[in-house]
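Bear in mind that the values in this text are calculations on the coordinates, not laboratory data. Since this is a predicted model, take the numbers as computed values, not measurements. Using ideal geometry, Cβ is built from the backbone for each residue, glycine included, and neighbour counts are taken over all protein chains shown.
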C-alpha cells in the first residue's frame, strides 16, 4: 500500500466512524412501546460498536505505519541549487512551519525606516548620516526567496513521494 492510499483509507475510516457513531446514538435505546428498527437491535448496536473499535484500531495501525515510513524514508529536494536530503518527517515539519520561521528571521533584517541624509547634532553641527547595515541585503533577499518558495517545492516532491512510496509495516 502506498502512503497516499493509506492516507485516503484513514479519511474514509474517519467518515465511517462518524456514520457508525450516529447510528449507535440513534438506535442505542428506545421506549418499550416503540417497535425496534432491527430484529435484534442489541446485536446490531454491538456490531456497530465492534466495527467502530476495529476501524479505530485500523486507523492507529495506518498512522503508525505512515509515521514509521515518514521517519525511515529519505527524500532529496533541490533548494537554492543544492540537493538536500531529509526524511519525509523532517520535510513535513519544514513544510508545516519551520521554513516560515526561517523566512521570518531573514525578513526581519530591514533598514528599520531609518533615513540617510543630513542631521543636526545637539551642539548644532550638521553631519552626513549613513545607515550601517549589519547584514548583507543580497543574502537577505536570497534567503527570504528561498524560504518563501520552500513549502511549495516540498509539496510538489512529497506529492510524488506519497504516490510511489510503500508504507512500511503493513
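Just from its helices, what would the mean residue ellipticity at 222 nm be for the chain, if runs of 4 or more DSSP H residues each count -39500 (n - 2.57) and the sum is divided by every residue, rounded to the nearest 500 deg cm²/dmol? Walk me through the intermediate numbers first.
Values: 5 runs with 100 residues, N = 170.
The helix contribution divided over the chain gives -20000 deg cm²/dmol.
Figure the gain on full extension for residue 61 and residue 152 (residue separation times 0.36 nm, minus the Cα-Cα span) and round it to one decimal in nm. The partial results should precede the final answer.
On the way: separation 91, 0.36 × 91 = 32.76 nm, distance 2.92 nm.
Gain on extension, residue 61 to residue 152, equals 29.8 nm.
Which residue fluctuates most in the GNM of the chain (Cα springs below 10 Å): 87, 108, 152?
In this elastic network of the chain, the residue with the biggest mean-square fluctuation among 87, 108, 152 is 108.
Could you give the angle, 0 to 90 degrees to the nearest 10, between helix 3-27's Cα long axis and the longest principal axis of the Cα atoms of the chain?
50
Where is the GNM fluctuation largest for the chain (alpha-carbon springs, 10 angstrom cutoff): 126, 110, 74?
Of 126, 110, 74, the most mobile in the Gaussian network model is 126.
Going by how many other Cβ atoms sit within 10 Å of their own, how do 144, 92, 160 line up, fewest first? Show your work: numbers first, answer last.
On the way: 144 18, 92 14, 160 10.
With the sparsest Cβ surroundings first, the list reads 160, 92, 144.
I need the shape label for the chain. Rule: rounded when a/c is under 1.5, else prolate if a/b > b/c, else oblate, with a, b, c from the alpha carbon gyration tensor.
On the way: a/c = 6.17, a/b = 2.39, b/c = 2.58.
Because a/c hits 1.5 or more and a/b fails to exceed b/c, the chain counts as oblate.
Rank 77, 88, 131 by mean-square fluctuation in a GNM of the chain with C-alpha springs under 10 angstrom and give only the top-ranked residue.
Per the Cα network of the chain with a 10 Å cutoff, 131 tops the list.
If you rank 122, 76 by fewest surrounding Cβ atoms within 10 Å, what's the result? Don't skip to the answer; put the middle values down first.
Values: 122 5, 76 11.
The most exposed by this proxy come first: 122, 76.
What ranking do 139, 35 get, fewest neighbouring Cβ atoms within 10 angstrom at the top? The partial results should precede the final answer.
Values: 139 11, 35 5.
Ordered from fewest to most neighbouring Cβ atoms within 10 Å, 139, 35 come out as 35, 139.
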